[in-house]
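The values are calculated or read from the model by the stated rules, or taken from the named source; none is laboratory data. Keep in mind that what you see is a predicted model, and the values were worked out from it rather than measured. Please note: Cβ atoms are built from the backbone with ideal geometry, for glycine as well, and neighbour counts cover all protein chains shown. Heavy atoms of the whole protein, side chains included, go into the accessibility calculation; ligands, DNA and RNA do not. Shrake-Rupley method; radii C 1.70, N 1.55, O 1.52, S 1.80 Å.
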Amino acid sequence: MQREDPTSEDAWEATSLLAQVALAEGHYREAATQVSTLLRLRPSDKDAQNAYAFFGGLAAYGDQKLVLRKPGSVPVTQFDGNIGASLTINGHAVAFIFDTGANVSVISAGQARLLGLTVHDVNAKMNTATGEKISFRIASAQTLRLGNVELNKVAFLVVGDDAEPFVELPEGQRGIVGLPVLLAAQTLRMHDGVFDVAYKSAAYRRDSANICAYGPTLSVLLTLDGKPMNFALDTGAVHTDLYRPFSRDFPNLIVAGHNETFTQKGIGSTEEFPVVDLPPVHFEVAGHPTTLDPARVFMKPSVSGDSDYFYGNLGMDLLGQGRELSFDFRAMQLTLR
């Protein structure tokens, strides 16, 4: 059997993926180790240098640790289109947004101060939803509890109090719970104003799984007129956006639309993008009928390149069109009823 060249492009991509997976699971030391391997291959690579500064800073806190995971329920909190729930951080009650599109949890500087988190500088920048790179700091919560799920050493990116979406939120709500916490809970089910957390997971079955990982991003299948399409799963997005592969495969819908300019808001940045506004589009999400209205297609590629792979970014406007929404990250299954 021929061995893979450790300096090849495939090896580079595989090592990058391992670093991102480790980050999403809260294994910060492993993430830093994988990025150090990248730097040995390409010492001058700017992205690897940036990632090592970030991951290395998180590794200094130690890895996230699962202390307790038992079934429980917490009240749902609505955030003007976003959803989240009540939790405690270092014993303080807060209500933060749940964001499956965030590889790390995020908190405002003022909120971190109120919770007694020690904030540290890090020589790194992160990409926002607009593609802009912004500076941030880091902190670690000694204890985070969501229902009957308890975690130690939960990492947060710390951004300014004037950053979106925190500038419009009151104290006690200026935070985002990202994938490392949500994956640790394993299961989440929203219904009747509550989130069930850490209930019994279904067995993984390939024929019923509709979530998978594309690099650091969770991907979910939607269908339109019987055609399956990969969408990024992003509960932190209020609106569902469509990307260029959608315009390529559904040219008749594009012809029926009209050109506009849309202002996209990201954490700490805003930017205008050319879009095509469409008539309402009817998707099936996990077999459940939904309607996207307004529907807009972004015609400019994203900096990450995800908009050349994904047909869109699935937000809460579609995910909220049911009585019950559940995520089973062990069975890799999204359910909407």
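Compute the length gained on full extension between ALA53 and GLU324: take 0.36 nm times their separation in residues and subtract their Cα-Cα distance, giving the result in nm to one decimal. Spell out each step's value before the answer.
Values: separation 271, 0.36 × 271 = 97.56 nm, distance 4.05 nm.
Additional length available on full extension: 93.5 nm.
So if R0 is 35 Å, what FRET efficiency would ARG337 and ALA14 give, r being the distance between their Cβ atoms, rounded to the nearest 0.05? Can you show the working numbers first?
Details: r = 37 Å, r/R0 = 1.07.
My answer for the efficiency is 0.40.
With the convex hull built on the Cα atoms of region 76-116, state its orientation-averaged projected area in nm². It would help to have the intermediate numbers written out before the result.
Working: hull surface 13.2 nm².
Average of the hull's projected areas for region 76-116 equals 3.3 nm².
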Requested in this report: Could you go through region 187-199 in sequence order and give the Karplus-derived ³J(HN,Hα) for each residue, using 6.51 cos²θ - 1.76 cosθ + 1.60 with θ = phi - 60°, rounded to whole Hz, and x for Gly and Pro?
Outcome: 9, 9, 9, 9, 6, 6, x, 10, 10, 7, 10, 6, 6
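How high is the relative contact order of the chain, in percent, counting Cα pairs under 8 Å that sit 6 or more residues apart? Don't skip to the answer; put the middle values down first.
Numbers: 794 pairs, mean separation 59.3, N = 337.
For the chain, the relative contact order is 18 percent.
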Query - Loop-located trypsin sites (Lys or Arg not before Pro) in region 193-266 whose Cβ has at most 15 other Cβ within 10 Å (DSSP) - result: LYS200, ARG205, ARG206
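Using 1/(1 + (r/R0)^6) with R0 = 30 angstrom and r between the beta carbons of THR37 and LYS125, what's the FRET efficiency to the nearest 0.05?
0.90
When only DSSP loop residues count, what trypsin sites (Lys or Arg not before Pro) in region 1-92 have their Cβ near at most 16 other Cβ atoms within 10 Å? Walk me through the intermediate numbers first.
Working: sites: ARG3, ARG29, ARG40, LYS46, LYS65, ARG69; in loops: ARG3.
Those satisfying the criteria are ARG3.
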Query raised in the report: Over the chain, what percent of the accessible surface lies on carbon and sulfur atoms, probe 1.4 Å?
Result: 49
Query raised in the report: How many percent of Cα pairs in the chain exceed 24 Å?
Result: 56
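With +1 on the Cβ of every Lys and Arg and -1 on the Cβ of every Asp and Glu, and nothing else charged, how large is the dipole of the chain about its Cα centre, in debye rounded to the nearest 20?
Working: 28 positive and 38 negative charges, 216 e Å.
Dipole magnitude for the chain comes out near 1040 debye.
What accessible area per residue, rounded to a whole number of Å², is obtained for the chain using a probe radius of 1.4 Å?
Values: 15840 Å² over 337 residues.
Accessible area per residue, the chain: 47 Å².
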Query - Computed over region 96-187: relative contact order in percent, which uses C-alpha pairs under 8 Å that are six or more apart - result: 44
